[in-house]
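Worksheet: the structure to be examined is printed underneath.
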Amino acid sequence: MTAPRSAAPSAPVNAPGRQPAAARESAPLIAARGVCVRIEGRTVLRDVDLEIRPAEIVTILGPNGSGKTTLLRALIGALTPDAGEIRRSPDLCVGHVPQRLSLDRTMPLTVDRFLALSGARRAARQQALERVGIGGRAGAMMAALSGGQFQRALLAHALLRRPNLFVLDEPTQGLDQPGVAAFYRLIEDLRRETGAAVLMVSHDLHVVMSASDRVICLNGHVCCSGAPHVVARAPEYRALFGLGTQGALALYRHEHDHSHAHDGPAPAREEAPRE
């Protein structure tokens with residue numbers, strides 16, 4: 001489905017990011033062009049262009065109501081755009097971790113039985129639990145898990161699909177800071193081990209800047225996109241999140257203050273204001 005294109009409200013900031021060379025050279029897993037979505041007469045997304053390539057980690061940032069979850073749903077086929085085009089690779093396999101999963105707390109559903117809904121065998125289910133760090137919780141009730149354990153159980157379920165694209169919608173919502181950092185380390189490890197791409201929505205600005213290859217700022221349209229250190233300097237990014245978000249860039253520099261052959265030299269170290 002195609003639609004006439006209109007001028008974007010602001011010029012995008014484009015940069016190659018620091019994704020693996022294979023990601024930059026391979027055909028995209030998902031490619032969206034001019035995507036528009038209207039819900040109950042209101043335009044939620046307009047003229048959205050983006051690509052997700054193999055093995056890269058892409059994070060979508062934006063304020064509440066900016067269309068982040070709607071965009072994820074459109075990209076994976078759970079929602080049909082009103083205009084535009086979304087192309088998916090024939091071999092695309094998505095492992096989806098939703099923003100929330102409502103379970104009846106009175107339902108006697110153990111973690112292992114929840115994973116069994118994937119159709120995977122017991123040995124594979126246990127292996128997935130061990131890989132995400134909750135191997136000893138197979139017999140626990142889903143309703144009894146902590147926030148971090150619950151998110152890891154959802155990730156284990158996604159992992160059982162053997163996806164080449166993980167789609168995570170605010171996967172660290174409700175976790176404390178150590179839990180957030182540990183979860184993102186796990187995601188980066190899974191990307192490295194499986195070669196799968198990762199597309200996620202997050203509000204964790206500080207961690208996102210060190211964990212992502214590319215960042216997309218969304219506010220009904222793509223305001224800016226590119227490598228984290230490029231996006232953090234973009235006026236559109238600062239307009240959305242405030243000048244104090246330079247602190248996010250400070251963490252990025254701390255963890256990545258070195259050159260990437262395909263991304264040019266790291267930006268020069270400088271003091272970032274703190275709030």
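Picking from residues in the range 56-75 that are of a type in the set (S, T, N, Q), in contact (Cβ under 8 Å) with a residue 60 or more places away in the chain and within 18 Å of PHE241 (Cα to Cα), the one that is surrounded by the most Cβ atoms within 10 Å (Cβ to Cβ) is THR59.
Quick one: which residue in PRO54, PRO81, PRO20, PRO98 is at pLDDT 95 or above and closer than 21 Å to LEU190 by Cα?
Details: PRO81 fails: closer than 21 Å to LEU190 by Cα; PRO20 fails: at pLDDT 95 or above; PRO98 fails: at pLDDT 95 or above.
The conditions single out PRO54.
From ARG233, ARG191, grab the single residue that is basic (Lys, Arg) and over 24 Å from ARG88 (Cβ atoms). Break it down into steps so the answer makes sense when it comes.
On the way: ARG191 fails: over 24 Å from ARG88 (Cβ atoms).
Result of the check over ARG233, ARG191: ARG233.
Residues satisfying the criterion are present in the range 112-131 (criterion: acidic (Asp, Glu), over 23 Å from the mean Cα position of the chain (by Cα) and within 12 Å of ALA153 (Cβ to Cβ)).
Determine, yes or no, whether VAL198 is surrounded by 23 or more Cβ atoms within 10 Å (Cβ to Cβ) and within 10 Å of the chain's Cα centre (by Cα).
On the way: surrounded by 23 or more Cβ atoms within 10 Å (Cβ to Cβ): yes; within 10 Å of the chain's Cα centre (by Cα): yes.
Against the criterion (surrounded by 23 or more Cβ atoms within 10 Å (Cβ to Cβ) and within 10 Å of the chain's Cα centre (by Cα)), VAL198 qualifies.
Residues in the range 191-240 that are among the aliphatic types (A, V, I, L, M), part of a helix (DSSP H, G or I) and without any contact (Cβ under 8 Å) to a residue 40 or more places away in the chain: ALA239 alone. In the set (1) surrounded by 13 or more Cβ atoms within 10 Å (Cβ to Cβ); (2) out of contact with any helix residue (DSSP H, G or I) (no Cβ under 8 Å at 6 or more places or on another chain), the condition left unmet by LEU115 is number (2). If you go through the range 170-183 one residue at a time, do you hit one that is crowded, with 18+ Cβ neighbours inside 10 Å, assigned to a helix (DSSP H, G or I) and in the same structural domain as LEU45 (by TED's automatic domain parsing)? Yes, because at least one residue in the range 170-183 is crowded, with 18+ Cβ neighbours inside 10 Å, assigned to a helix (DSSP H, G or I) and in the same structural domain as LEU45 (by TED's automatic domain parsing). With respect to LEU186, determine if the residue is farther than 18 Å from ILE52 by Cα and in a helix (DSSP H, G or I). Yes.
Of all residues in the range 136-152 being aliphatic (A, V, I, L, M) and closer than 19 Å to THR106 by Cβ, which is surrounded by the fewest Cβ atoms within 10 Å (Cβ to Cβ)?
Within the range 136-152, the first condition is being aliphatic (A, V, I, L, M), and the residues that meet it are 138, 140-145.
Cutting the leftovers down to closer than 19 Å to THR106 by Cβ gives us 140-145.
Working: ALA140: 15, MET141: 16, MET142: 23, ALA143: 14, ALA144: 12, LEU145: 18.
In this case the residue turns out to be ALA144.
Please tell me if ARG125 is under 25 Å from ASP91 (Cβ atoms), among the basic types (Lys, Arg) and touching a residue at least 40 places away in the same chain (Cβ under 8 Å). Criteria not met by ARG125.
The values are calculated or read from the model by the stated rules, or taken from the named source; none is laboratory data. Keep in mind that this is a model prediction, so the values were computed, not measured. Please note: Cβ atoms are built from the backbone with ideal geometry, for glycine as well, and neighbour counts cover all protein chains shown.
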